[in-house]
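Presented below is the structure to which this report refers.
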Amino acid sequence: MQISAVSKDINEWSGSVLIAGILEGTIESHINLFKTIIKDTYLSKRFNDSKFKGKKNQRLSIELMEGTIKKVIFVGLGEAETLRINDLRKATSICTRQVLGFERKLGIFFPWDIFETSSAACAVGEAVRLSCIKDHRFKSESTEHTQIDEVELIGLSTKTTNSAIAEINPICEGVKFARELVSAPPNVLTPYQMAKEAEKLATNYDLDLKILDKKECEEKGMGAYLAVAKGSDLEPNFIHLKYSPNTVKKKVVLIGKGLTFDSGGYNLKVGASQIEKMKYDMGGSASVLGTARTIAELKPTNIEVHFIVAACENMINGSALHPGDIIKASNGKTIEVNNTDAEGRLTLADALVYASKLKPDAIVDLATLTGACVIALGDEIAGLWTDNDQLSEQLTKAAGKAGEGIWRMPMQDSYKSGIKSSIADLQNTGPRPGGSITAALFLKEFVNSSIPWAHIDIAGTCWTEKDRDINPKGATGYGVRTLINWIKELSLNAN
């Protein structure tokens with residue numbers, strides 16, 4: 001998909017389908033503006049008959065018999081004072097779905113001058129691209145519609161927007177890659193195959209790659225991670241990708257939970273736990289690998305980025321982890337396993353110890369970690385846990401720019417008593433109340449306290465059961481754009 005800015009007037013544009021955003025109270029000016037495309041008397045009548053006033057989320061679609069433009073979709077944006085970039089993103093997504101399979105060239109005309117234009121152009125371009133993604137890899141027959149080949153953002157200066165627009169495709173390819181990883185069934189995306197996908201990234205984008213096998217993980221004392229993997233016939237793969245610019249002024253580590261399938265182990269998932277959906281328990285690793293794909297193409301300066309995934313399955317066999325077992329992580333801490341379905345934090349424990357030894361300036365992990373986070377924040381907002389105010393502010397800003405919901409949650413130290421064990425250093429779950437907080441406190445035990453660290457729980461946001469904004473039903477690729485924005489900002493501000 002080619003996305004470009006065109007500075008020409010709306011009446012000079014030629015294409016198949018036009019999306020026009022209308023602010024409330026500007027109907028008359030738009031009737032005059034569009035009069036060479038649609039007769040003013042006819043357009044006025046259509047606005048009146050449909051009671052279209054430009055209120056937020058109102059839509060009016062008009063088919064045209066004459067001229068090159070075959071269809072115009074007017075979408076209400078509400079009042080100028082309350083308009084946000086995310087409103088443009090949502091309006092674009094809604095209208096793009098309406099024209100998928102219709103024609104190949106799309107024009108978009110919004111009140112760009114309300115915003116910093118490069119940010120608005122990037123948000124709208126991403127919204128078109130991501131709304132079009134459909135995963136048909138596992139269908140016996142292709143059901144793909146005609147794709148939109150060309151998108152023109154009408155009335156924008158190419159000087160101020162070209163650099164932002166050039167980043168749209170690499171960013172969206174990273175999101176697409178993450179979505180495809182999450183959508184892949186567990187008999188296709190095994191721990192081994194995830195390592196092969198990392199290998200492809202390393203080869204195609206000149207990244208350094210290290211993959212630790214079971215024996216190497218044993219040598220590093222990764223008893224928590226390997227305990228989870230014991231129940232599967234498939235070998236674990238510990239993945240470490242690295243992006244290195246010529247000059248390194250900062251170093252960060254991204255960690256993604258990588259359970260390619262989570263049965264729950266002997267605490268088997270039953271009933272509402274939706275075991276059939278547990279292929280997406282590697283959503284964190286998908287976000288991290290999707291970010292790696294984009295960062296490798298964008299090549300930010302000054303910042304070295306490490307991407308870590310402790311990939312494995314949580315299954316049941318004669319060797320599997322028992323409820324009640326005591327295991328030892330690579331920092332020497334012992335853990336009483338009181339629930340084998342709280343396995344993600346065990347794999348992350350050893351990944352966090354490994355990351356800390358790299359001595360980075362910050363560590364961020366993403367994980368589909370707790371149902372408690374979904375209860376607290378729903379399926380549009382991820383939970384953020386960190387003791388570091390600066391890191392919290394950076395990630396919140398990066399998520400806001402991406403239009404990805406995030407909310408900082410408390411790290412209540414007194415709740416740590418809930419994960420104390422009488423016979424080991426820790427137990428892997430606490431009481432039911434505050435379950436997502438005790439999970440974050442558990443992870444904190446495996447991070448070097450001198451390193452800024454943040455944990456993002458994406459259990460609710462990595463998958464959607466309905467078309468929602470830029471996310472068609474299924475995997476969302478949540479977190480990729482947040483992490484990219486964060487890394488880009490660090491790169492710009494590196495001293």
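Numbers at a glance
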item	result
Some residue of segment 47-56 being in contact (Cβ under 8 Å) with a residue 12 or more places away in the chain, closer than 30 Å to K401 by Cβ and either in the same structural domain as G405 (by TED's automatic domain parsing) or surrounded by 18 or more Cβ atoms within 10 Å (Cβ to Cβ) (or both)	yes
Which numbered condition D113 misses (of (1) assigned by TED's automatic domain parsing to the domain that holds Q98; (2) assigned to a helix (DSSP H, G or I); (3) touching a helix residue (DSSP H, G or I) at 6+ places or on another chain (Cβ under 8 Å); (4) surrounded by fewer than 14 Cβ atoms within 10 Å (Cβ to Cβ))	(3)
Search result, residues across segment 58-86 that are in contact with a strand residue (DSSP E or B) (Cβ under 6 Å, 6 or more places away or on another chain) and without any contact (Cβ under 8 Å) to a residue 40 or more places away in the chain	Q58, R59, L60, S61, I62, E63
Selection from segment 439-495 of residues that are out of contact with any helix residue (DSSP H, G or I) (no Cβ under 8 Å at 6 or more places or on another chain), at pLDDT below 95 and assigned to a loop (DSSP other than H, G, I, E, B)	E465, K466, K473, A494, N495
Some residue of segment 151-165 being among the charged types (D, E, K, R) and over 30 Å from K279 (Cβ atoms)	yes
Spans of helices (runs of 4 or more DSSP H) in segment 190-239 with at least 3 residues out of contact with any helix residue (DSSP H, G or I) (no Cβ under 7 Å at 6 or more places or on another chain), among the charged types (D, E, K, R) and modelled with pLDDT of 95 or more	191-205, 214-219
In segment 51-80, the residues that are of a type outside the set (A, V, I, L, M, F, W, C) and within 15 Å of Q98 (Cβ to Cβ)	N57, Q58, R59, S61, E63, K70, K71, G76
Single unsatisfied condition, I375 versus (1) of a type in the set (A, V, I, L, M); (2) in a helix (DSSP H, G or I); (3) surrounded by 16 or more Cβ atoms within 10 Å (Cβ to Cβ)	(3)
L358 vs. criteria aliphatic (A, V, I, L, M), part of a loop (DSSP other than H, G, I, E, B), over 16 Å from S263 (Cα atoms) and assigned by TED's automatic domain parsing to the domain that holds V182	yes
Residue list for segment 149-163, restricted to those being among the acidic types (D, E) and either assigned to a strand (DSSP E or B) or closer than 13 Å to L18 by Cβ (or both)	E150, E152
Qualifying residues in segment 411-434 (those that are of a type in the set (G, A, S) and surrounded by fewer than 21 Cβ atoms within 10 Å (Cβ to Cβ)) - the one farthest from A342 (Cα to Cα)	S414
Identity of the residue in segment 66-90, of a type in the set (A, V, I, L, M) and out of contact with any Cys (no Cβ under 7 Å at 6 or more places or on another chain), that ends up surrounded by the fewest Cβ atoms within 10 Å (Cβ to Cβ)	A80
Residues being among the acidic types (D, E) and more than 24 Å from G290 (Cα to Cα) - total across segment 151-194	1
Residue in segment 280-292 that is modelled with pLDDT under 95 and in a helix (DSSP H, G or I) present	no
Qualifying positions in segment 117-168 - touching a residue at least 60 places away in the same chain (Cβ under 8 Å), over 22 Å from Y478 (Cβ atoms) and small (G, A, S)	A121, G155, S157
Exclusive hit being among the polar types (S, T, N, Q), under 29 Å from L181 (Cα atoms) and either surrounded by 16 or more Cβ atoms within 10 Å (Cβ to Cβ) or modelled with pLDDT of 95 or more (or both), set N338, N331, N317	N317
Residues of segment 444-467 satisfying the condition of being farther than 24 Å from D262 by Cβ and not acidic (D, E)	N448, S449, S450, I451, P452
Selection status of I456, under 16 Å from the mean Cα position of the chain (by Cα) and touching a residue at least 60 places away in the same chain (Cβ under 8 Å)	yes
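The values are calculated or read from the model by the stated rules, or taken from the named source; none is laboratory data. A quick note: this is a predicted structure, and the numbers were derived from the prediction, not measured. Glycine gets a Cβ as well: all are built from the backbone with ideal geometry, and neighbour counts include every protein chain shown.
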